[in-house]
Amino acid sequence: MMKAIDKSEVQRLLDSFLNQDVYIHLEMTLGAYAAHHGKAKSTASTFIRNARVRYTHGRIEGSGPYRIGLKMADGWIYSEGLTHMEDSETERLIAAGLNEEGKLLVALQISKQPF
């Protein structure tokens, strides 16, 4: 079940994965899940699943919606617009940004095991 992000809990999880090989799921959609309305009706999406990375610095910032940045040896992974987290997870981070209708806009997941 999803709950509002607890910034300190997310930071604890980010710290628990430092300097280890982890799997990342990163998704952003303005398409089918979000079903945006308006004149433009533009769709866009990004999806990466089970990319193995190692980050040396992970940080959650903002006061809601939140952003998470992961610093790697050769670059960054960055996700913005996060509002919710899975409340039953203790071994992996599952964070999402939901719109006012509860539809997925962005997701960032980190785990030691593939998704």
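The values are calculated or read from the model by the stated rules, or taken from the named source; none is laboratory data. Note that the coordinates shown come from a computational prediction; the quantities given were computed from them, not determined experimentally. Cβ atoms come from the backbone with ideal geometry, glycine included; neighbour counts cover every protein chain shown.
Residue count for segment 1-24, restricted to those that are in contact with a Ser or Thr (Cβ under 9 Å, 6 or more places away or on another chain) and in a loop (DSSP other than H, G, I, E, B): 5.
Among all positions in segment 76-87, there is at least one residue which is outside any helix (DSSP H, G or I) and at pLDDT below 95. ARG67 passes every criterion in (1) in contact with a strand residue (DSSP E or B) (Cβ under 7 Å, 6 or more places away or on another chain); (2) closer than 15 Å to GLU27 by Cβ apart from (2). Yes or no: ARG67 part of a strand (DSSP E or B) and more than 14 Å from the chain's Cα centre (by Cα)? It is false that ARG67 is part of a strand (DSSP E or B) and more than 14 Å from the chain's Cα centre (by Cα). Taking only pairs six or more apart or across chains, which ones have beta-carbon atoms under 7 Å, a first residue in segment 88-112 that is in contact (Cβ under 8 Å) with a residue 60 or more places away in the chain and at negative phi, and a second residue that is surrounded by 17 or more Cβ atoms within 10 Å (Cβ to Cβ) and among the basic types (Lys, Arg)? Taking only residues 6 or more apart or on different chains, the pairs are GLN109/ARG92; ILE110/ARG92; SER111/ARG92. So, in segment 70-115, exactly how many residues are of a type in the set (S, T, N, Q) and under 23 Å from LEU30 (Cβ atoms)? So the count comes out to 4.
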